[in-house]
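Data block below; observations after.
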Amino acid sequence: MVMQISLKKNKMQELPLVKDINLYLDEKPSVYALRQKARQALEKNKYPIKKIEAWKYTNIQPILSSNLKFEKEGHICTNECCHNHEKSSKIEIRFCNGKLHIEEYNLPKGLIIKSLPEVLYEGEYKQYLFNSFDIDKHPFAALNGIYLEQGICIYVEKNTKITDPIEIIYSQNKSNENQIHIHNLIILEKGASIEIYEKSSSNKVNTYLINTINEIYLKPDSCLHHYKKQNDSNNSYHIALNSIKIQSNASYKQYYLSKGAQISRQETAIDLQQSKASAEIYTAYTAQKNCLTDITTNINHLSENTYSNQYAKAILEAQSSAVFQGKIHIAPDAIKTEGHQLHKALYLNENADLNCKPELEIFADDVKCSHGASCGEIDKEQLFYLTSRGISKKDAINLLISAHLQEIISLIPNKDIQEEFSY
Amino acid sequence: MEKPLLEIKHLCARVEDKEIIKDLSLTINAGEVHAIMGPNGAGKSSLSYVLSGKDGYEVTSGSVTFKGKDLLNMPAEERAREGLFLSMQLPTEIPGVVISNFLKQSLNSILKHRGKEELDTISFMKLLRLEANKLNISQEMLKRFVNVGFSGGEKKRFETLQMALLKPDFCILDEIDSGLDIDALKTVSDGVNSLRNTNNSFLVITHYQRLLDHIQPDVVHIFADGHIIKTGDKTLATQLEQNGYADFIKEE
């Protein structure tokens, strides 16, 4: 068995970003098989090129030619990297330069947190891995699978309700040019309710790729608030796939604030599997100069009485690019469903590029759907009002920029996080 | 001794190709209140925008000196910092910008310009609450977005609150009486009157003599077709109220 595998290994193609290295738990055949399966998927499908509709407007060539390393030394973070991390009652899961920082969490009853290697080893939650999406359609998820090692599994037992957000913090503060792959599982049993807050950032202008997957399973009547703040280095690449399966009467709300990374893509794929499942996605993003921000969503209404709403607001700086692709698919059985989508962009300069592609695929009668997109410049009357009160033009523009995003931020139910999201 | 606070000399200005101010000269001394009355479309609001530095209002000739400095060379924010304030006829709604943040930034940029110490949040909020109380502005209102969903009266009271905070030397009140009921008119006028002193001046633009019963002017100008056609004391306003503008315009 081992022989065969190593034979195969020799025949493997050269692929950008894929290094032949031994990972933790490679000796465990089931884990090795998962990684190999992912590798085969990437070899077969290759990286997306512009001809692929889902990646038409997002050129990933800079990522592929970056030749980023994968740091195999140590699969956990044991450094004194978080010395300024004060003990608090909050649950903070930290990944330091892509490696899980091992610490003891003060877990309330009904909440189970395991590292991904534990999941891979014990097998209890393994059924949820690579189960919510088609790996053939997600090349970066396949790349993630090749390096499958880092991640966290959050399991919430039936009817457990936790109000304090569980934070997942990715800090990329090393200067090494690394690729980081993180795979999380979030499973909420019937009637459970939690809040997750992901933060990704760097305190340097360093180059790296952070490639995350969240596989989220919401059982009936469960509720997840998912916050994410992306403030990565302007030289970095941030690729994220959120794949969410929602059962009856369960609800998912995502609040995403994005302002960093040279290339970032936040992809959210949602299956509203059963009646009264609902999903809401609120996005506030700033596409910075010479950066590309990609927001892609795919919402499948698979059952009757399902609801989705998506509202994104964007700031487009000079020489920035943004991609907003939102697809709402309504299956033939999904009657009495509602799906809405709206994107509003504020241009700071004519020299910005926005590709906005709403798609509605409706195969059922008796549904309510809408989509809309608008873009405009800074309002001259508002700018005059502020400057005529002594505020400099620059500060006034900044006030109006944050005001544009404030509409999204003010929707955040958690007041502390709302404040953190405010500029 | 009278010292001129604002001196406008032979000012001509246009918006795009339209001449809106035609050879206007006007001197306002410190401590004076001047009223400008005139028919619709005479260019009264345009004058207020030219003076406060709004984009699109192009001065073609003439000069404006404010406290001895060339006003026309300054961008809008600098005019405000030097002590010019325009209370707008239709204050702009700014969704997403909270009043207290806006006013703090505004006041601090003016204090900084004048070489004074900027206020921290606590002392600013204390001052804001104090001034807001005087104008019957509730604490709840201060948490709202700038002018969003305000009634006509609330908008004008909010403009007056800004004057009270920023303490400008020269205020242009562009139809501060429009959209006000009698009670609100009294609140706003009392607010304005309480700010009057020997160092600051007001230019009150209005259609109605009623406002001038509350804010008593020293000088009244009749403004038509881009310039002043007649100047007098406050009895001129009463005369105007009785006979309308037609007589004065014909006279010219």
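Laboratory data are not the source of any read-out in this text; all were calculated from the coordinates shown. It should be emphasised that the depicted structure is a prediction, and the values quoted were computed from it without experimental measurement. Using ideal geometry, Cβ is built from the backbone for each residue, glycine included, and neighbour counts are taken over all protein chains shown.
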Scan the range A:106-204 for GluC sites (Glu not before Pro) in coil per DSSP, keeping those whose Cβ has at most 16 other Cβ atoms within 10 Å, and list them by number. A:124, A:157, A:177
In nanometres, the difference between 0.36 nm per residue of separation and the alpha-carbon distance of residue B:67 and residue B:19 is 14.6 nm
Calculate the translational D of the range A:188-244 in whole µm² s⁻¹ from Stokes-Einstein, where the hydrodynamic radius comes from the Kirkwood formula applied to all Cα pairs, the temperature is 10 °C and the viscosity 1.306 mPa s. 123
Kirkwood hydrodynamic radius (C-alpha pairs) into Stokes-Einstein, the range B:23-121, 20 °C and 1.002 mPa s, D in µm²/s: 136
Given a Förster distance of 22 Å, report the FRET efficiency between residue A:158 and residue A:127 from their Cβ-Cβ distance, rounded to the nearest 0.05. 0.80
Any idea which of A:96, B:242, A:413 is furthest toward the positive side of the dipole for the protein assembly as shown, if Lys and Arg beta-carbons carry +1 and Asp and Glu beta-carbons -1? A:96
In the neighborhood of residue A:184, defined by Cβ-to-Cβ distances under 9 Å, what is the net charge if each Lys or Arg adds +1 and each Asp or Glu adds -1? -2
I'd like the projected area of chain B, averaged over all directions, using the convex hull of its alpha carbons. Report it in nm² with one decimal. 13.8
Expressed in Å to one decimal, the Kirkwood Rh of the protein assembly as shown from all distinct alpha-carbon pairs is 28.8
Residue ranges of DSSP H helices in chain A that stretch 18 Å or more (Cα, own long axis) and have mean Kyte-Doolittle hydropathy of at least 0.0 are A:393-409
Of the lysine pairs in the range A:212-348, how many meet both conditions: Cα atoms under 18 Å apart, and a spacing of 8 or more in sequence or different chains? 23
Measuring from label point to label point, each 7 Å out along Cα→Cβ, what is the residue A:105 to residue B:197 span in nm? 6.0
Excluding residues fewer than 8 places away in the same chain, name every one of the lysines whose C-alpha is closer than 29 Å to that of residue B:3. B:22, B:44, B:54, B:67, B:69, B:112, B:116, B:167, B:230, B:234
Across all directions of projection, what mean area in square nanometres is found for the Cα convex hull of the range A:2-274? 14.2
Axial C-alpha extent at least 18 Å, average Kyte-Doolittle at least -0.5 - helices from chain B (DSSP): B:99-113, B:121-134, B:152-166, B:182-195
Would any residue of the range B:57-93 have its amide N under 14 Å from a label point 7 Å out along Cα→Cβ of residue B:116? List them or say none. B:81-84
Tell me what chain B gives for mean residue ellipticity at 222 nm when only DSSP H runs of n ≥ 4 count, each as -39,500 (n - 2.57), the sum divided by the residue total, rounded to 500 deg cm²/dmol. -11500 deg cm²/dmol
Formal net charge of residues neighbouring residue A:226 (Cβ-Cβ distance under 9 Å; K, R +1; D, E -1): 0
Tally the DSSP beta bridges in the range A:2-274 and give the antiparallel ones as a percent, rounded to 5. 10
Quick check on chain A: helices-only [θ] at 222 nm, where DSSP H runs of length 4 and up contribute -39,500 (n - 2.57) each and the sum goes over total residues. Nearest 500, please. -5500 deg cm²/dmol
Share of pairwise Cα separations in the range A:155-217, more than 18 Å, in percent: 47
Determine, from the Cβ-Cβ distance of residue B:247 and residue B:210 and an R0 of 25 Å, the FRET efficiency 1/(1 + (r/R0)^6), rounded to the nearest 0.05. 0.80
